[in-house]
Amino acid sequence: MFVGRTSVLELIGELTEPRGENAPAGPRPVLILTGCGGSGRTAILQEALRTWRDRTASVLVQPLVPDGEQTSLRPLLTSIMLGLGVGVPGYPVTFPRSLVAQLAISADFAGLPPGDQLIRLRERLNEYKRKPALDSFLTALARDSFALVHVQVPGLSELVPGLAAEVTRSTLNRLYRGRGLMRLSWGDAVDWFRHQDLDFAKNPETTLIELSARAKSADALVRRSVDDVLVGAFLADLRRSHARVRGRPPQMLLLLDDGDVPEAMTFVRSLLRVRTAIAGSRPTPENRLPDPLTVVTTSAGPAAAGAVPWPGTEPVDGPRMRVDVTDLSSAEVLQLARSQDWTTSERTARTAFRLTHGHPAATAFVLRRLAENPRLLDDPDALLDGTDPDEDVPADRHLLRIFVRGLDPQRRPDDASVEALITLAAARTWQEAGTLVPLLPPPFGLGSPLYTSPTLWPAAGGGERRLHPLARYLGLRALATRPDARTGWEGVFRLLRGKTHPDDRAGRWHHELMLGGRAKVADALAVLLPELPSAEWLALFDAVVVTPDPRVTDLAEIQGIGRPPTPAGHTDALLGIVPALERDPCVTRPEDIAALRQLAWHGFLRLAESEGVADRQPFLERADRYSADRNRY
């Protein structure tokens, strides 16, 4: 069940809808969906494919790069071409220029005199005018490409042999206009390599022979020039296919998953270069045909660098536009819970949202586990300690893997990255996390995605970048049980405390609280009650209690039972109660929450009555928060 992110789907719709009569013919921006691992970017692409599958040529592709290897752009481009080539009724898409380029590249002209090279090229193109020969060539091309790129074409098989046969059949039927024609002409397709929609005046046959030689080069700049020719031919085929359709057809829709994979980044960069070159060339009837390709891709951050952020209303001008995929709202989590069991959905949704903060993958996982075992509603700790059946690891480790997997283009589970993330979770902010980088094992450092990722460390209130709250809680939970003295709980928080700036008393007291110095912090805060304005004191208190302590699970210890009825005693109690109530997702039993709310209300009332407090109102308003809003927790 797909829930939420409707504004993103509507934006994709705007970029795919037919152009208005007076709309500019230029390209629409490449849309980049950014988010951390498990944020639901792929699910948005899949939903967009379901929405548009019957209305326009559309394809969802995901590069499958073998570990440690890089392939050329051609398998990805071929997969896109063949996927879009299936089209929909009334919207035929053909790729004669792209096929001519592939036929030339796959030929061997090495060692032949120029005259013999021309003869071989003409013989090859003449041979593949025949349908049986082109059938064999296309089938082999499709199989080779689909082995490296996962392709979803609406209505077709996802198994490589079946998909290759089906797209080949569809492509041939469109090229040969049904079953009657057995030969075709490459004339216009070959001639395109003369001008390339850039007002060139080249010899098209010589260009194709040079393209074949350069495609085999190991030089990156040479290969880039080949990529641009191939992408230019691909766009030319799309423009002419679009122009042949009657009326105002919608854009063709390319959904490119894992946009941080090198091949995907290469494709998008080449596409943008070609579009820029066409826009800067002398206008011709062909290169000023509307650009009919809408591209939506995903990124954990690298592919979106420099893209214009979407303001949330109309599409923006510019070649690339970035949309941050947000977490699910509490209402959306409730909708998902109702789809599983409406009888307990409200409490289930509340527990899931309190734990996951709406992180889509984690929310789906938690809702599934709660549906399987409703008793876990009162014991999220047991849920997180339980074994994930698919990976044979504890559930909390499984969820941490989702976050770090999103930083790797190949989405590999990486336990070393998980351990590094656990260390960084102690930091309140991205800047503070830099203090912990020396504790990380190689190859992690200030330049590694684990530290630099803008989606793992999004900007929070005040513009400070903070680790996703679910990733931070899971990391803290794991840090609390790490046995190593240097990188365990004590070692990490001692390092943070020692590196805290002398003027940062909130940071210093926060780390002291995490090291068990609750009474010491309470005494220091109590001294400031008559000295600071009440609102300023509460802001300082809030900065100290931003982190739950997963080691403290005993309710009596959390409540501060036995503290004296003094300002320091009330503050001491609140230092345990507030982070448990506000930050600890494993505090879910209604009776426990009710008791903590009552104690928080009482504690802030007592502080309002403390000697020397000039302005009681902020404390009274804070107390009212815990008595008035029952649904907050």
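Axis angle, to the nearest 10 degrees, between helix 114-127 and the longest C-alpha principal axis of the chain: 80 degrees.
Multiplying the residue separation of Ala382 and Asp415 by 0.36 nm and removing their Cα-Cα distance gives an extension gain of 9.7 nm. When the P(r) of the stretch 330-385 is calculated, the portion above 16 Å amounts to 26% of the C-alpha pairs.
Computed as a quarter of the hull surface, the mean projected area of the alpha carbon convex hull for the stretch 312-466 stands at 11.8 nm². Take the alpha carbon gyration tensor of the stretch 500-633, find the square roots of its eigenvalues, order them as a ≥ b ≥ c, and report rounded if a/c is under 1.5; if not, report prolate when a/b exceeds b/c, else oblate. Taking the square roots of the gyration eigenvalues as a ≥ b ≥ c, the stretch 500-633 is oblate.
Principal-axis analysis of the Cα atoms of the chain puts helix 469-479 at an angle of about 70° to the longest axis. Rounded, prolate or oblate, given the Cα gyration tensor of the stretch 69-135, with a/c below 1.5 counting as rounded? Cα axes put the stretch 69-135 in the oblate bin. In the chain, with Lys and Arg counted as +1 and Asp and Glu as -1 at Cβ, which of these residues, Pro380, Gly38, Ser534, has the Cα nearest the positive end of the dipole, that is, farthest along it? Result: Gly38. If the chain linking Ala543 and Asn126 were pulled fully straight, counting 0.36 nm for each residue of separation and taking away their Cα-Cα distance, it would gain 142.6 nm.
Expressed to the nearest 5 percent, the antiparallel share of DSSP beta bridges inside the chain is 30 percent. Using a cutoff of 8 angstrom between alpha carbon atoms and counting only pairs six or more residues apart, the relative contact order for the chain works out to 15 percent. Working from Cα pairs under 8 Å separated by at least six residues, relative contact order for the stretch 500-633 is 25 percent. Full extension of the segment from Ala480 to Ala243, taken as 0.36 nm per residue of separation minus the current Cα-Cα distance, would add 79.0 nm. Between Gln431 and Arg50, the simple label model (points 7 Å from Cα in the Cβ direction) yields a spacing of 4.4 nm. Given R0 = 60 Å, the distance between the Cβ atoms of Asp116 and Asn173 translates into a calculated FRET efficiency of 0.95.
Each label point was placed 7 Å from the Cα along the Cα-to-Cβ direction; for Gln617 and Ala279 their separation is 5.4 nm.
Report the one residue of Gly115, Gly612, Ile577 whose Cα lies farthest in the direction of the positive end of the charge dipole of the chain (charges on C-beta: Lys and Arg +1, Asp and Glu -1; origin at the Cα centre). The residue sitting farthest along the positive end of the dipole is Gly115. The mean sequence separation of alpha-carbon pairs under 8 Å and at least six residues apart, normalised by the residue count of the stretch 330-385, gives a relative contact order of 29 percent. For the chain, the tally of Lys pairs with Cα-Cα distances below 26 Å comes to 4, considering only residues 8 or more apart or on different chains.
The chain has equivalent-ellipsoid semi-axes of 59, 24, 22 Å, by the square roots of 5 times the alpha carbon gyration tensor eigenvalues, sorted largest first.
Measuring r between the beta carbons of Glu557 and Glu490 and using R0 = 30 Å, the FRET efficiency lands at 0.95.
Coordinate-derived values only; no laboratory data. Predicted model, so just to flag it, every value in this text is computed and none were measured. So basically every Cβ, Gly included, is an ideal-geometry build from the backbone, and we count neighbours across all protein chains shown.
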